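Please read the structure below before turning to the comments.
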Amino acid sequence: MINKNIELQEKIRKLAVKIVKHYRGKGPDNVKVKIEDHLITVEIRGVFSDLSKILIREGAAHIVDDYWKVVKPHLENEFLEEVYDVVGGSYDYELEVISLKDLDKSVTLKINRTMV
């Protein structure tokens, strides 16, 4: 079971890197994956593009927030099937951007697997 979780963590980490790279043009700084029963928590640092960082520093974080609202459905549609395959079935998730005002903060994705 431990080896299976380690393998799943690595698959999820690689997929997170792939999705961020698709969105940003380069991979994130760091991705941590934690698995507890049905809950998978993915913490991603280094998600913001250079343009997003400038907007946030200049007090225009709302533009970055609006941008995420547009990009999120695109990323969901683009990678939905791949996430389903990696997670091993149905899931729901919650995406949380910890703080758009602090560039050192992370994006956290919580995936709740539906076990059959």
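Figures for the structure shown
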read-out: Residues being without any contact (Cβ under 8 Å) to a residue 12 or more places away in the chain and surrounded by 15 or more Cβ atoms within 10 Å (Cβ to Cβ) - total across the stretch 43-62; value: 1
read-out: Pick from the stretch 75-110, criterion touching a Ser or Thr at 6+ places or on another chain (Cβ under 8 Å), part of a strand (DSSP E or B) and at pLDDT 75 or above, ranking: surrounded by the most Cβ atoms within 10 Å (Cβ to Cβ); value: L109
read-out: Meets criteria (under 15 Å from T108 (Cα atoms), touching a strand residue (DSSP E or B) at 6+ places or on another chain (Cβ under 9 Å) and exposed (fewer than 13 other Cβ atoms within 10 Å of the Cβ)) for K72; value: yes
read-out: Pick from the stretch 1-42, criterion β-branched (V, I, T) and open to solvent by 60 Å² or more (accessible area, probe 1.4 Å), ranking: nearest to I111 (Cα to Cα); value: I6
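The values are calculated or read from the model by the stated rules, or taken from the named source; none is laboratory data. On a predicted model such as this, the values are computed, not experimentally measured, just so you know. Glycine gets a Cβ as well: all are built from the backbone with ideal geometry, and neighbour counts include every protein chain shown. SASA here: full protein model, heavy atoms, side chains in, ligands and nucleic acids out. Shrake-Rupley method; radii C 1.70, N 1.55, O 1.52, S 1.80 Å.
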